[in-house]
Structure formats: C-alpha cells, structure tokens
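Every number in this text was worked out from the coordinates using simple rules, so none of it is lab data. This structure is a prediction, so every number in the text was calculated from the model and none was measured. Backbone-built Cβ (ideal geometry, glycine too); neighbour counts: all protein chains shown.
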C-alpha cells in the first residue's frame, strides 16, 4: 500500500516454535515474551488504525 509507506501497518510478532520452550519454567518464558510482544502489537495496531480509519482490513 503505497499510501502508507510513511506509516506502515504494524506486523504481528512471529509466534515461538514449541521446540524453543525448554519446559523448565523460565522467567520470562518465551511464551511470556511473545504475549508481551502481542500486547505491544495490538496497541500499535489500534493506534495505526486510528490514524488510518479508511485502511482495509
């Protein structure tokens, strides 16, 4: 979308592969880090949509 080149739509983080989790209860676990990244993404996407209310999707 050329009209959003100066303000590209945020992209979601890649989910961790199940094999990346060691299962030892790390703090933070890779799933905790992913959950935080998803929360950041959702906030960024909401702000982007507010700036671009006519954007598709």
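Look at the Cα gyration tensor of the chain: its axes a ≥ b ≥ c give a/c of at least 1.5 with a/b over b/c, and that counts as prolate.
Given contacts defined as C-alpha pairs under 8 Å and at least six residues apart, what's the relative contact order of the chain, whole-number percent?
Details: 23 pairs, mean separation 23.7, N = 57.
So the answer I get is 42 percent.
Return the FRET efficiency for the residue pair residue 47, residue 19: r is the Cβ-Cβ distance, R0 is 35 Å, and the value is rounded to the nearest 0.05.
Numbers: r = 34 Å, r/R0 = 0.96.
It comes to 0.55.
With everything on Cα atoms, drop me the angle between helix 30-51 and the longest principal axis of the chain, reported from 0 to 90° to the nearest 10. Tilt relative to the chain: about 10 degrees.
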